[in-house]
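Report on the following structure.
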Amino acid sequence: MKIIATVREMQETSEQLRREGKRIGVVPTMGFLHAGHTSLIVKARELSDVVITTIFVNPTQFGPGEDFERYPRDFERDCKKAEEAGSTIIFSPDVREMYPEGFASYVEVEHGSRILEGKFRPTHFRGVTTVVLKLLNITKPHAVVFGQKDAQQAFLIQKMVSDLNVETSVVVAPIVREKDGLALSSRNVYLNGTERERATQLYRSLKFAKEKIQQGERSVDILRAEMKRMLQSAQPTQIDYIAFVRPDLFQEIEHIQPPSVLIALAVRFGGTRLIDNHLVSVSS
Ligand code: PAF
């Protein structure tokens, strides 16, 4: 396993790999890897000869008062997990390497970035798209793999890559869940026992809405009210949103329409904010 910390060495390594005709797959992460991340590494390995896992807790995507400082970190364990899953290079720069003094350029996708997560975390996606474009320019992948868990992030990155003619293919891999349905997330470690138990209600409410849609319910108001009632029974600190989105345009809808709808939610338990989503096929 090779660990690279500088932009220059990473770019030179990727250029050399490309000269040798190797296909490069990249999995961008903020570390504290779990089975969701390793499934992305396995996917990248299927698509490429060499997998680079990037580990960088990106300060520009955290707002004031968010958890940048206390975001969980365990570099040694991450290297082990990444290697076991099939990664042979870790790119792990420090903050100064990625944002040297005087850094002043940001990338913003205007469409789809101000609703849902963007409404509650106004500077978040600007930080994400900026760091992802930098990581793509530094690692030069043929394919880059993201998780469907962050559905809005995946949409915005696909849009950025297409709009700015970045030569890579963006692959979105399915959500990995615990046995009881909770979507894997590095932030799950913040939950105490009671909150962890209650958090299973997120996926239950998504599955409930899916069943209702399959039975013919088309009113977003009715579906949202029923999901809200289910979520409130878990006594969350706050429900930030329950949104119904047209997946190809990332636009909120008020009436369920074929061929599919993305149901997305964000719920807080204590100081922990959890997001989840479910893509549901809709028949005509
Ligand atoms: O999904 C994440 O972990 C982060 O948003 C990403 C894509 C690594 C950018 O920092």
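The values are calculated or read from the model by the stated rules, or taken from the named source; none is laboratory data. Bear in mind the structure is a predicted one, so any value in this text is a computation, not a measurement. Cβ coordinates were reconstructed from backbone atoms using ideal geometry, including for glycine residues, and neighbour counts include every protein chain displayed.
Summed over region 104-160, the residues that are surrounded by fewer than 21 Cβ atoms within 10 Å (Cβ to Cβ) and among the polar types (S, T, N, Q) give a count of 5.
One residue alone among Ser92, Ser14, Ser48 is over 18 Å from Arg187 (Cβ atoms), among the small types (Gly, Ala, Ser) and in contact with a Cys (Cβ under 9 Å, 6 or more places away or on another chain), and that residue is Ser92.
Only residues that are near the ligand (Cβ under 10 Å from one of its atoms) and either in a helix (DSSP H, G or I) or over 21 Å from Ala85 (Cα atoms) (or both) were counted across region 135-153, and they come to 4.
Taking region 189-204, which residues are buried (at least 18 other Cβ atoms within 10 Å of the Cβ), within 20 Å of the chain's Cα centre (by Cα) and part of a helix (DSSP H, G or I)? Of everything in region 189-204, those that are buried (at least 18 other Cβ atoms within 10 Å of the Cβ), within 20 Å of the chain's Cα centre (by Cα) and part of a helix (DSSP H, G or I) turn out to be Tyr190, Leu202, Tyr203. Candidates in region 43-62 are the residues that are surrounded by fewer than 21 Cβ atoms within 10 Å (Cβ to Cβ) and part of a helix (DSSP H, G or I); of these, the one that is farthest from the ligand (Cβ to nearest atom) is Glu46. Counting the residues of region 63-93 that are within 15 Å of the ligand (Cβ to nearest atom), among the small types (Gly, Ala, Ser) and farther than 22 Å from Pro174 by Cβ gives 2.
Screening Ser169, Ser113 for residues that are of a type in the set (Ser, Thr, Tyr), modelled with pLDDT of 95 or more and out of contact with any helix residue (DSSP H, G or I) (no Cβ under 7 Å at 6 or more places or on another chain) leaves exactly one candidate, Ser169.
One residue stands out in region 154-187 among those that are assigned to a helix (DSSP H, G or I) and closer than 19 Å to Leu262 by Cβ: the one that is farthest from the ligand (Cβ to nearest atom), namely Ser162. Flag not set for Ser39, criterion: among the polar types (S, T, N, Q), closer than 18 Å to Asp150 by Cβ and in a loop (DSSP other than H, G, I, E, B).
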